[in-house]
Amino acid sequence: MIHTLEWTDHGVRFLDQTKLPTEETYVICSTPEQVADAICTMIVRGAPAIGVAAAMGIALAAKNSAAESPDELKDEIDHAGELIAKTRPTAVNLFWAIQRMKEKLEQVRTQPVAHIKHALIEEAQRMHAEDIAANQAMGRHGATLMPSSGGVLTHCNAGALATAGYGTALGVIRAAVEQGKRIHVYADETRPFLQGARLTAWELMKDGIPTTVISDNMAGAMMRQGKIGAIVVGADRIAANGDVANKIGTYTVAVLAREHRIPFYVAAPISTVDLACPDGSKIPIEQRNVIEISHIGGKQIVPDGVSIENPAFDVTPAKYLAAIITERGIARAPYPESLAALAGKTKVEV
Ligand code: MRU
């Protein structure tokens, strides 16, 4: 069992993803500031995981508060929310989680301060449990789309490490394997942060799921050689028209999949669907430090002074998707209708 993040009596405990795969160490954050830092530095990463981390960061603000009135506590919660909202702009789950915690506070605002604090801590823990249940449901829906045997390619890490547990894209693969499908995963290494090589390979090895790591520029050749029967990736934000923001390089994989007539699936919880965002052009794309490109393992690999770009995500237009797998069912084109219908459905209960 992989414990990506957990609420403990001492604070939020994160498996430090910057140290994997060579070191399995944990970091305890006892303040919202420390949680914000853990999100920025990618100790915790992946859209659903940073959503749950944000909720727990706000729960820490409640736990640590010396506020004597609900209004005073609300100011502190708002402040923690603002701080955490500044960490990473693309994954909508972060903002969804902050909003949900604020709504919880509104629901119980007339209660004594101790009760409000307790309700916020409970809500963050509920979001953790709900995320695992959503991933398992997503797995059940998505497994039906996986081939009975052969290669399935994934990009980045949309696994247990990117969620509270089980994973979205890797949850679909896990469920398919649990059903007896003989899947061999091809994991794109995912330059520059190497989530595929370091994290996807690590967690699939732990589960005994056969995995081959390839560098990103090998994906097209693997498809052409007939080694890939399906592709499944996660998402950081899905616009109302079905355009998908995910780890940089996802767009390239989707275009290659179309050329080779390989189905390209996106697996994500409903909390990743942003119906307020009309299309992919409106999704904010995080630009990360250029040192992630100029250096590998601390060693400089490009000349001093050269221009570098480092967008962390790209947008795949909806026309490349075979389907979007959610915990509430499978959405197919036309996405404006199918996503809106799923978003309106009853949520999966824990
Ligand atoms: O920069 P990261 O590692 O947070 O990016 C993660 C991804 O792009 C994932 O594919 C996405 O968040 C979905 S995780 C279930």
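A few notes on this one:
- Ala175 vs. criteria closer than 28 Å to Phe14 by Cβ, in contact with a Phe, Trp or Tyr (Cβ under 8 Å, 6 or more places away or on another chain) and modelled with pLDDT of 95 or more: no
- The listed residue being surrounded by fewer than 20 Cβ atoms within 10 Å (Cβ to Cβ) and either among the aromatic types (Phe, Trp, Tyr) or in a helix (DSSP H, G or I) (or both), out of Glu103, Glu24, Glu68: Glu103
- The one condition from (1) closer than 24 Å to Glu6 by Cβ; (2) within 14 Å of the ligand (Cβ to nearest atom) that Ala119 does not meet is (2).
- The listed residues are Asn246, Asn241, and the only one of them that is near the ligand (Cβ under 10 Å from one of its atoms) and touching a residue at least 60 places away in the same chain (Cβ under 8 Å) turns out to be Asn246.
- Qualifying residue in segment 64-76 (condition: within 30 Å of Val185 (Cα to Cα) and either touching a Gly at 6+ places or on another chain (Cβ under 6 Å) or of a type outside the set (Lys, Arg) (or both)): no
- Condition broken by Ala91, with the remaining ones in (1) small (Gly, Ala, Ser); (2) without any contact (Cβ under 8 Å) to a residue 60 or more places away in the chain; (3) within 28 Å of Asn135 (Cα to Cα) satisfied: (2)
- Filtering segment 1-20 to residues that are in contact (Cβ under 8 Å) with a residue 40 or more places away in the chain, more than 17 Å from Glu123 (Cα to Cα) and buried (at least 16 other Cβ atoms within 10 Å of the Cβ) leaves Ile2, Thr4, Leu15, Gln17, Leu20.
- Residue count for segment 226-238 satisfying the condition of being touching a residue at least 12 places away in the same chain (Cβ under 8 Å) and either within 20 Å of Leu194 (Cα to Cα) or assigned to a loop (DSSP other than H, G, I, E, B) (or both): 7.
- Looking at Val255, Val290, just one residue is within 16 Å of the ligand (Cβ to nearest atom), assigned by TED's automatic domain parsing to the domain that holds Phe313 and not charged (D, E, K, R), and that residue is Val290.
- Residue match in segment 186-200 (condition: within 21 Å of Ile324 (Cα to Cα), among the hydroxyl-bearing types (Ser, Thr, Tyr) and touching a Ser or Thr at 6+ places or on another chain (Cβ under 7 Å)): yes
The values are calculated or read from the model by the stated rules, or taken from the named source; none is laboratory data. Note that the structure is a prediction, hence the values are computed from the model and not measured. Ideal geometry is used to build each Cβ from the backbone, glycine not excepted, and the neighbour counts take in all protein chains shown.
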